[in-house]
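Working notes for the structure below.
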Amino acid sequence: MRFGHAMPFGAECRDDGTVRFRLWAPAAEAVRLRLEDQARRLSMEPLSEGWFELVTPLAGPGDRYRFELPDGLCVPDPASRRQAGDVHGPSVVVDPEAYRWRHPRWRGRPWHEAVLYELHVGTFSADGSYDGVRRRLEQLARLGVTAVELMPVAEFAGRWNWGYDAVLPFAPHARYGAPDRLKALIDAAHEQDLMVFLDVVYNHFGPEGNYLHRYAPQTFTDAEPTPWGEAIDVARRPVRDFFIHNAAYWIEEYCFDGLRLDAVHAIIDHTDPSMLVEIAAGARAAAGERQIHLVLENDDNAARLLKRNPDGKAKRYDAQWDDDFHHAAHVLLTGESHAYYTDYLEDPVEHLGRTLAEGFAYQGEHSPYRERRRGEPSAHLPPAAFVNFLQNHDQVGNRALGERLVRLAPAAALTAMTAIQLLAPSIPLIFVGEEHGAEEPFCFFVDFQGELAEAVRKGRRREMARYPGFAGTEADIPDPVAEATYRASIIDWSKQAEAAHRDWLEHYRRLLTIRRRHIMPRLAVPPTGPASYETGPGGYLRVAWRLGDGAELTLVSRLAEGSDGTAEIRITGHPLWTSAPIAHTGGPLGPLPSWFVGWFIDEAGARGRRR
């Protein structure tokens, strides 16, 4: 079976052997198609509303092409499915149905089974390729991962980049491999019963290789600036359709199982319905009978985007990355107090408890750091509406030195917090290498040249040197443009054989096995109501969930060093995992040791329902 997504722009191979080329260029008086391999220039027909089109039998799959503007500038196709080199070079005509899928009947997995593993293709393996990821899929499946999440792979300038500087959103980055190698990776993942998610960026284009200003400046608006400059004018129909089709394209043509939408709070959109609503509808329609899942990064904590249907399934978006969970946990683990961590300093245990029980810590309260109210009520949403993480590309890579938590937090504390994250009913996300305590940094890196490279270098060093909590000099900050910075971020998988790294790996495997056996099956039916939580002296936190099958899941923890000021605690049910041996016979636990975490399950309610 073969899959392809029909688009109203770009190069489309037709059944009659012709190729249709279509470009939105409202600022151009004329456009010519340049067929590079044949040294041909063909005039495109002007249509209404700024569109140009040409249908020709002179082009076919594999042919390189560009669009030529009246001033002689040749530009790549903004909807290019493949580039013959980089963002400045020719695009390539692709027949998307040429790839024969080996597992075309894959229907996905339900969202409550998700254990996400975020990775960067370029640093995951020594060769930095889609094939490099494919070769380790079985290892990830054995760990207990059920979903691989790729950082953005759309075409960006240079040889290495996090991917958030893409300018050709439909073209997989050429240095990672040909489009069919990405499809082969997804195909192989499905064979391992693994979902594959893709991080997509709809809030800006990268600073190099974006030619839209030359022929379609209407793509942008300066009415409301963003951190990257002019906002994308998503209220304009051709612009909006570009991104709606992009989401559907990755789902339908590449059979991705889900998307993570980057920083949607930075998309300036005052329309109704919003572009996010239309993207969700388009992606789900493109999936057909397959289960797909859509995840947001959204600093606004907009709970309305996570609404559920009466059957408990997501109406539009399945979940949001829960920065509140991360920030509260990070303060507890490291004591860091700079930037947005200031919002969690007053009572980090309280903030953590609220995220576990209700989703967001900020549900409309005033944020001192942001100097405004933030968030919407979220207690009515199920735990699966939130993705919890202790590390991700942002929280590691946006540090001056790219350090991971294994270098920042005491081992006992990190062991405890990992157990909270991986066994809570919310969806866990692991950042590449975290599972074996990888010590390689994940640095910020780009491969720009000339003035842009120097601007990035100076800006990065200036910003990080001012960053509170960084005890170094500008000279200590890795050069973001240097190849050595990129190379230092590549995972050394041989370290897994060392004793300390084996211990971390076993810790993650054990917890994910418990999740798979005892937690995951009980999440098929959402919990019957919000969880309850309580905090107390000495870092005490208790959270209890009534799961969908009637069983009660309880977390008892003490997230601090030193003496325990709490009273003796009574727990019903049996322990699933504890960080220290306990003699639990249904009576009181007694004083809790430092950084204690215990997970308990009471199945009395579940047994009663089965009767």
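A Stokes-Einstein calculation at 4 °C with viscosity 1.567 mPa s, built on the Kirkwood radius of region 380-446 over Cα pairs, returns a diffusion coefficient of 101 µm²/s. Taken along its three principal axes, the alpha carbon spread of region 1-134 comes to 52, 33, 29 Å, from the longest extent down to the shortest. Taken one residue at a time, the phi angles of region 55-69 give Karplus couplings (6.51, -1.76, 1.60, θ = phi - 60°) of 10, 9, x, 7, 10, x, x, x, 6, 8, 8, 9, 9, 9, 8 Hz. Gly and Pro are set to x.
Could you work out the relative contact order of the chain? I mean the mean sequence separation of Cα pairs under 8 Å and 6+ apart, divided by the number of residues, in percent. Once divided by the residue count of the chain, the mean separation gives 10 percent.
Shown in residue order for region 322-334 are the 3J(HN,Hα) couplings computed by the Karplus curve 6.51 cos²θ - 1.76 cosθ + 1.60 at θ = phi - 60°: 9, 4, 4, 4, 4, 5, 5, 5, 5, 4, 5, 6, 10 Hz (x for Gly and Pro).
Using the beta-carbon distance between ALA606 and ARG487 and R0 = 45 Å, what value does 1/(1 + (r/R0)^6) give for FRET efficiency, to the nearest 0.05?
Numbers: r = 51 Å, r/R0 = 1.14.
My answer for the efficiency is 0.30.
Could you list LEU414, LEU42 so that the one with the fewest beta carbons within 10 Å of its beta carbon is first and the one with the most is last?
LEU42, LEU414
Here's how it looks for ALA147: its modeled amide H is under 5 Å from those of VAL115, TYR117, MET195, which are all 5 or more places away or on a different chain. Taking the number of Cβ atoms within 10 Å of each Cβ as an exposure proxy, the fewest-first ranking of GLU12, GLU376 is GLU376, GLU12. Computing FRET efficiency as 1/(1 + (r/R0)^6) for ARG142 and ASP222, where r is the C-beta to C-beta distance and R0 is 56 Å, gives about 0.65.
In region 291-380, Rg over Rh equals 1.01, where Rg is the alpha-carbon radius of gyration and Rh the Kirkwood radius from pairwise Cα distances. Start at zero, step by 5 Å, and the Cα-Cα distances of region 124-182 spread as 4, 18, 27, 24, 15, 9, 3, 0 percent across the bins.
The length gained by stretching the chain between SER532 and ASP476 to full extension, at 0.36 nm per residue less their Cα-Cα distance, is 15.6 nm. In the chain, one over the average inverse separation of all distinct C-alpha pairs is 25.6 Å, which is the Kirkwood hydrodynamic radius.
Looking at region 331-430, which GluC sites (Glu not before Pro) are DSSP coil and have at most 13 other C-beta atoms within 10 Å of their C-beta?
GLU346, GLU365, GLU371
Normalised by residue count, region 423-539 yields a Cα convex hull volume of 218 Å³ per residue. Take every DSSP beta bridge whose two residues both sit in the chain; close to 70 percent of them are antiparallel. The ranking of LYS183, LYS495, LYS307 from fewest to most other beta carbons within 10 Å of each one's beta carbon is LYS307, LYS495, LYS183. If you plug the beta carbon distance of ALA27 and THR342 into 1/(1 + (r/R0)^6) with R0 = 30 Å, you get a FRET efficiency near 0.10.
FYI, it's all coordinate maths here, none of it is from the lab. Every value quoted in this text rests on a predicted model; they were computed, and no experiment measured them. As a convention, Cβ positions derive from the backbone with ideal geometry for all residues, glycine included, and neighbour counts pool all protein chains shown.
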